[in-house]
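Chemist: I'd like to ask some things about the structure below.
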Amino acid sequence: MNRRFSLLLAFSLLIATSFVSADDSNVDDNDLVIRQVVNDDADHLLNAEGHFSIFKRKFGKSYATHEEHDYRFAVFKANLRRARHHQKLDPSASHGVTQFSDLTPAEFRRKHLGLNRLRLPVDAKEAPILPTNDLPTDFDWRDHGAVSAVKNQGSCGSCWSFSATGALEGAHFLATGKLVSLSEQQLVDCDHECDPEDARSCDSGCRGGLMNSAFEYTLKSGGLMREEDYPYTGTDRGTCKFDETKIAASVSNFSVVSLDEDQIAANLVKNGPLAVAINAVFMQTYVGGVSCPYICSKRLDHGVLLVGYGEAGYAPIRMKEKPYWIIKNSWGEHWGENGFYKICRGRNICGVDSMVSTVAAAHVHTPSQ
């Protein structure tokens, strides 16, 4: 190995590891190699088979047949190329291998997204305009106890239900001082709200739904049960098991926040975490950092939870630091930054400002024991 090559290799490793957040300081060598792959076009450290072996071991992947294995390996290689492309389009974030790297984009959308047609339910109203003069520079509801642990929707297009429960969990916390994990499975099994003018807008379990429709269902049904009383299964083949005697949190009203980012921030600070829709195309390969792609569709296909914002997100050398939103996702703690996503704010990147909803909790119910 000559001196020039050694310097180039050391520099590429330095760039790759610079994207690792403070929370990832204890990652193992395999993690660093996986993160490094998108920054090393020559792929000096490992070939594609080596990366695939690490991927299978890290995420517990196995395939039933040799043919399936070969097919998934081909998809994996295509996603390595896609991650490199994303890295070029989104240099302030880090893109690489994730648990979704053996899925085609179509499979990823079908199994892990799930936002249906965007129509507002009849009970939705616009949020009042709030003052914005004294907003804090940085704010994060995780620091104030209003955000439950990261959950995992599995291979079910139920993201909308996790976004809705997250917003109601935060509103319930603001109303009571108690953080209660609420049941997504109740929404998956029992919520089939539809817009009377558009049957395709129904909440349909693992086949998709809408956060505002979920709020409307919760308003009409009386509330949601605790997660522990109605646990998540990640399927929509069960019957509704809602027990109104075990309601843990209720909705008094919900409203849609304007596209203005100062209003979104003001509603976040005053009313708690917000239900948000986003285009998730860059999220399949996201590893960390502030995602601020040069080009991103505003076609909304994923429901998430807005929990905070910051003014000085990390950016690579010679790039201006990025203000960002903090998003709680529902793909488990091993995705992104311990289950969270940072996305650039200021230009409605990936449509993140386009469909934002706030919910208020009603009077407190005490579930029977």
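The values are calculated or read from the model by the stated rules, or taken from the named source; none is laboratory data. Just so we're clear, the structure is a prediction, and the values are computed from it rather than from any experiment. Virtual Cβ from ideal backbone geometry, glycine too; neighbours counted across all protein chains shown.
Chemist: Going by the structure shown, is His144 touching a helix residue (DSSP H, G or I) at 6+ places or on another chain (Cβ under 9 Å) and either outside the structural domain of Leu300 (by TED's automatic domain parsing) or surrounded by 13 or more Cβ atoms within 10 Å (Cβ to Cβ) (or both)?
Modeler: Yes: the conditions hold for His144.
Chemist: Taking the stretch 152-166, which residues are within 13 Å of the chain's Cα centre (by Cα) and surrounded by 23 or more Cβ atoms within 10 Å (Cβ to Cβ)?
Modeler: If the condition is that a residue be within 13 Å of the chain's Cα centre (by Cα) and surrounded by 23 or more Cβ atoms within 10 Å (Cβ to Cβ), then Gln153, Gly157, Ser158, Cys159, Trp160, Ser161, Phe162, Ser163, Ala164, Gly166 are the ones that fit.
Chemist: Shifting gears a bit: Specify the residue that is farthest from Tyr232 (Cα to Cα); the eligible residues are those in the stretch 334-356 that are polar (S, T, N, Q) and modelled with pLDDT under 95.
Modeler: Among them, the one singled out is Asn348.
Chemist: In this structure, is Gly289 in the same structural domain as Lys151 (by TED's automatic domain parsing) and part of a loop (DSSP other than H, G, I, E, B)?
Modeler: Here the answer is no, as Gly289 does not meet what is asked.
Chemist: Working only within the stretch 311-333, note down all residues that are over 18 Å from Asp138 (Cβ atoms), at pLDDT below 95 and not hydrophobic (A, V, I, L, M, F, W, C).
Modeler: Hits for the stretch 311-333 are Pro316, Arg318.
Chemist: Could you tell me whether the stretch 69-87 includes any residue that is modelled with pLDDT of 80 or more and part of a loop (DSSP other than H, G, I, E, B)?
Modeler: No, the stretch 69-87 contains no residue that is modelled with pLDDT of 80 or more and part of a loop (DSSP other than H, G, I, E, B).
Chemist: What is the residue count in the stretch 238-255 for residues that are under 24 Å from Gly208 (Cβ atoms) and over 24 Å from the mean Cα position of the chain (by Cα)?
Modeler: Adding up the residues that qualify gives 5.
Chemist: Quick one: Leu103 ticks every box in (1) assigned to a loop (DSSP other than H, G, I, E, B); (2) free of Cβ contacts under 8 Å to residues at least 40 places away in the same chain except a single one, so which number is it?
Modeler: Against the list (1) assigned to a loop (DSSP other than H, G, I, E, B); (2) free of Cβ contacts under 8 Å to residues at least 40 places away in the same chain, Leu103 comes up short only on (2).
Chemist: With the structure loaded, tell me whether Leu115 is of a type in the set (A, V, I, L, M, F, W, C), modelled with pLDDT of 95 or more, buried (at least 20 other Cβ atoms within 10 Å of the Cβ) and under 19 Å from the mean Cα position of the chain (by Cα) or whether it fails that test.
Modeler: Criteria not met by Leu115.
Chemist: For the stretch 282-308, give me each residue that is of a type in the set (A, V, I, L, M), out of contact with any Gly (no Cβ under 7 Å at 6 or more places or on another chain) and crowded, with 21+ Cβ neighbours inside 10 Å.
Modeler: Across the stretch 282-308, the qualifying residues are Met283, Val304, Leu306, Val307.
Condition check ((1) without any contact (Cβ under 8 Å) to a residue 60 or more places away in the chain; (2) small (Gly, Ala, Ser); (3) touching a helix residue (DSSP H, G or I) at 6+ places or on another chain (Cβ under 6 Å); (4) more than 30 Å from Leu103 (Cα to Cα)) across all residues:
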{"residue": "Leu210", "(1), (2), (3), (4)": "no, no, yes, no"}
{"residue": "Lys220", "(1), (2), (3), (4)": "yes, no, no, yes"}
{"residue": "Val256", "(1), (2), (3), (4)": "no, no, no, yes"}
{"residue": "Ala280", "(1), (2), (3), (4)": "no, yes, no, no"}
{"residue": "Val290", "(1), (2), (3), (4)": "no, no, no, no"}
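Chemist: May I ask you to list the residues in the stretch 234-252 that are more than 15 Å from Gly170 (Cβ to Cβ) and in contact (Cβ under 8 Å) with a residue 24 or more places away in the chain?
Modeler: Correct list: Gly234, Thr235, Asp236, Gly238, Thr239, Cys240, Lys241, Phe242, Thr245, Lys246, Ile247.
Chemist: Restricting the first residue to the stretch 168-190 and requiring it to be more than 14 Å from Glu227 (Cβ to Cβ), which pairs with a second residue that is among the β-branched types (Val, Ile, Thr) meet a Cβ separation below 7 Å and a spacing of at least six or different chains?
Modeler: Hits for this filter: Gly170/Val147; Ala171/Val359; Ala175/Val364; Thr176/Val364.
Chemist: Out of the residues in the stretch 217-235 meeting the condition of being in contact with a strand residue (DSSP E or B) (Cβ under 7 Å, 6 or more places away or on another chain) and part of a loop (DSSP other than H, G, I, E, B), tell me which one is surrounded by the most Cβ atoms within 10 Å (Cβ to Cβ).
Modeler: Ranking the candidates gives Gly223 first.
Chemist: Could you tell me how many of the residues in the stretch 198-216 are exposed (fewer than 14 other Cβ atoms within 10 Å of the Cβ) and not basic (Lys, Arg)?
Modeler: 2
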